[in-house]
1. List the number of the failed condition for B:Pro22; all other conditions in (1) within 12 Å of another protein chain (Cβ to nearest Cβ); (2) within 24 Å of B:Thr272 (Cα to Cα) hold.
2. Would you mention how many residues in the range B:529-572 are touching a residue at least 24 places away in the same chain (Cβ under 8 Å), loosely packed, with under 12 Cβ neighbours inside 10 Å and farther than 22 Å from B:Trp284 by Cβ?
3. Give the residue that is farthest from B:Leu286 (Cα to Cα), with candidates limited to residues of the range B:384-398 that are among the aliphatic types (A, V, I, L, M) and either under 12 Å from the mean Cα position of the chain (by Cα) or at pLDDT below 95 (or both).
4. Kindly indicate whether any position in the range B:42-61 is in a loop (DSSP other than H, G, I, E, B), hydroxyl-bearing (Ser, Thr, Tyr), modelled with pLDDT of 95 or more and surrounded by fewer than 24 Cβ atoms within 10 Å (Cβ to Cβ).
5. Of everything in the range A:13-30, what is over 8 Å from the mean Cα position of the chain (by Cα) and more than 8 Å from chain B (Cβ to nearest Cβ)? Give them in sequence order.
6. Keeping to the range B:493-521, report how many residues are within 10 Å of another protein chain (Cβ to nearest Cβ) and more than 20 Å from B:Leu63 (Cα to Cα).
Amino acid sequence: MILDIVMLALVVAAWVGAAAYAGACDRLMHTEQRPEANGQ
Amino acid sequence: VTSQGWLLIIIFAALTGLLVKPLGGYMAAVFTGPAAPLRPLGPLERGLYRLAGVDPAVEQGWLAYALALLAFHLAGILVLYALQRLQGFLPLNPSGFDAVSPDLALNTAVSFVTNTSWQSYGGETTLSYFVQMTGITVQSFLSVASGIAVAMALVRGLARHGGATIGNFWVDMTRGTLYVLLPIAIIAAVFLIWQGVPQTLGGAVEASTLDGAKQVISLGPVASQEVIKLMSGDGGGFFNVNSAHPFENPTALTNLVEMLLIFVIGAALTNTFGRMVGDARQGWVLLGAMAAMFAAGVVVIYAAEARGNPNFVPLHIDQAVGGAQGGGNMEGKEVRFGIAGSSLFATVATASSDGAVDAMLDSYNPLSGFVLMANMMVDEAIIGAPGSGLFSILLFAIVAVFVAGLMVGRTPEYLGNKIHAAEVKITMLALLAVPAAILALTAIAAVVPAGFSELGNNGPHGFSELLYAYTSATATNGSAFAGLSANTPFFNLTLALAMFIGRFMVIIPVLAVAGSLATKRLVPASAGTLPTDSLQFAGLLIGTVLIVGGLAFFPALALGPLAEHFAWSVGALY
């Protein structure tokens with residue numbers, strides 16, 4: 001049972017990390033898409 | 001090599017080529033048309049949307065699409081984990097299997113949800129029919145449907161100009177499963193049953209051998225799992241030895257059809273892409289680049305295996321082609337498939353990211369092992385799994401136009417989209433996730449006792465076993481090199497991490513690029529635009545794939561299969 005909780009905690013941590021990664025990609029995109037970032 | 005062997009390879013390539021256009025056109029209709037392509041399934045599709053509360057007319061931005069995908073697969077992992085842990089209490093368990101251990105259950109759940117199907121377990125000795133059917137088989141369908149959905153989202157991003165949405169994840173999943181995967185799976189399963197693949201809920205049978213000994217012969221719902229194992233780019237077999245087992249792949253004809261099932265959807269999606277961007281030649285260029293890399297791989301492997309093992313010569317083992325044998329390196333291969341059938345299958349299954357095997361890869365010559373690993377290291381750019389192969393080659397295409405733009409001093413363009421720093425940076429995040437995970441995890445496993453103590457061989461061959469395992473997991477391939485005892489907490493957890501990175505750390509940036517491209521205004525082609533529907537671009541694309549793959553992995557490959565090849569050629573064995 002304890003190992004099940006550990007495994008599930010690992011899964012949840014991975015998914016939180018993935019969602020945060022998606023958020024980071026979104027921020028990176030918006031930062032880079034500003035006109036000054038593209039020399040406009 | 002034999003003329004029969006070359007003929008098999010040519011027939012396979014011709015059949016794949018013939019199916020690309022009709023299947024590609026059909027899939028374009030599935031993912032772009034408002035009406036259901038198969039009318040009888042229309043009510044089922046609409047019923048599923050009503051049940052799930054999905055409005056199919058509402059599209060999503062890339063972040064909403066990605067979060068829906070993540071939530072869906074999180075649920076998949078939790079369900080598959082629970083099924084394995086509770087299988088002792090669940091029905092259809094004639095062999096009375098107990099719960100799978102927590103670390104193995106996690107590894108298997110991540111494996112099938114990520115479309116990898118790395119198997120640290122033997123199917124017929126670990127999982128009940130209920131878990132195989134409702135867990136493994138279901139996730140094989142869903143994981144590949146999600147890969148196709150992501151590819152369609154990227155294609156929409158490339159094809160649309162000035163929009164903010166890239167499709168609806170739930171609609172793409174439903175349509176891919178209902179209209180593409182299920183119809184082909186049903187037809188192919190009936191074919192396999194006709195050829196001798198079992199489909200039964202009856203338990204194992206006991207037979208008496210000629211010596212009077214008792215032999216337990218495992219059976220089960222094999223055909224239904226086998227077809228989606230092949231079509232999905234998944235590769236997780238019902239039996240431990242996968243498609244080498246006569247109940248998974250009984251005849252030379254099933255071997256050919258299984259290879260087609262592995263390859264054809266991924267190949268046809270290039271045609272779907274061409275149709276969706278309104279220029280069929282764009283799809284043919286991608287397919288041509290993939291086909292050229294595939295052909296190089298299959299020629300090297302077939303030649304290396306047909307040549308035999310030079311270390312057998314002093315032992316007076318006859319490896320020559322003759323009336324009674326096909327010759328070559330038959331160690332670990334099935335006689336009913338021979339050298340050509342095994343070499344082609346191994347190339348197809350590693351290039352496609354499927355991971356099915358009809359021969360034991362550990363017994364292939366080192367040069368063949370090099371190609372098998374290289375096929376996976378190029379990140380599914382050689383056909384790949386359905387969907388993930390297409391989005392991978394499109395990522396390389398973006399890098400290729402960027403490199404070409406640098407060379408001529410212009411802003412790169414692809415299909416009327418200006419490629420800016422945002423897309424290139426995010427594309428590189430996706431392309432670097434795979435080598436980073438493979439190399440870092442292999443290095444860790446090579447120096448910690450929990451890693452190297454499980455190896456079956458020393459020296460470069462042992463290193464290849466480790467490198468292959470993490471490559472296979474991260475590239476969502478799932479085939480095993482053998483020689484590695486992977487069912488340990490260390491390997492189950494680190495390989496699960498590799499599979500997670502290889503799937504989701506790639507898919508998320510792909511969707512971000514799709515979202516970014518969808519917002520771009522159409523840039524008309526000018527004299528400075530690099531034509532991307534030309535042979536020249538196919539060459540540039542191949543160069544980009546090989547350089548990105550080669551630069552990242554060549555040192556590791558030199559330590560493993562290449563070092564072993566030179567040592568093995570002069571009689572040093574490990």
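The values are calculated or read from the model by the stated rules, or taken from the named source; none is laboratory data. These numbers were taken from a predicted model, which means no experiment stands behind them. Neighbour counts are summed over all protein chains in view; Cβ atoms, including those assigned to glycine, are modelled from backbone coordinates with ideal geometry.
1. Tallying (1) within 12 Å of another protein chain (Cβ to nearest Cβ); (2) within 24 Å of B:Thr272 (Cα to Cα), B:Pro22 fails exactly one: (1).
2. Residues flagged as touching a residue at least 24 places away in the same chain (Cβ under 8 Å), loosely packed, with under 12 Cβ neighbours inside 10 Å and farther than 22 Å from B:Trp284 by Cβ within the range B:529-572 amount to 1.
3. By that ranking, first place goes to B:Ala385.
4. no
5. Passing the criteria: A:Ala13, A:Arg27, A:His30.
6. 3
The rows are residues; the columns are (1) under 30 Å from B:Leu51 (Cβ atoms); (2) small (Gly, Ala, Ser); (3) touching a His at 6+ places or on another chain (Cβ under 6 Å).
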site	(1), (2), (3)
B:Val150	yes, no, no
B:Asp172	yes, no, no
B:Thr177	yes, no, no
B:Ile186	yes, no, no
B:Thr209	no, no, no
B:Ile217	no, no, no
B:Val222	no, no, no
B:Ala244	no, yes, no
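For (1) free of Cβ contacts under 8 Å to residues at least 12 places away in the same chain; (2) more than 14 Å from B:Ala356 (Cα to Cα); (3) surrounded by fewer than 24 Cβ atoms within 10 Å (Cβ to Cβ), each residue gets a yes or a no:
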site	(1), (2), (3)
B:Leu210	yes, yes, yes
B:Lys214	yes, yes, yes
B:Ile217	no, yes, yes
B:Ala223	no, yes, no
B:Val227	no, no, no
B:Met231	no, no, no
B:Met259	no, no, no
B:Phe263	no, no, no
B:Asn271	no, yes, no
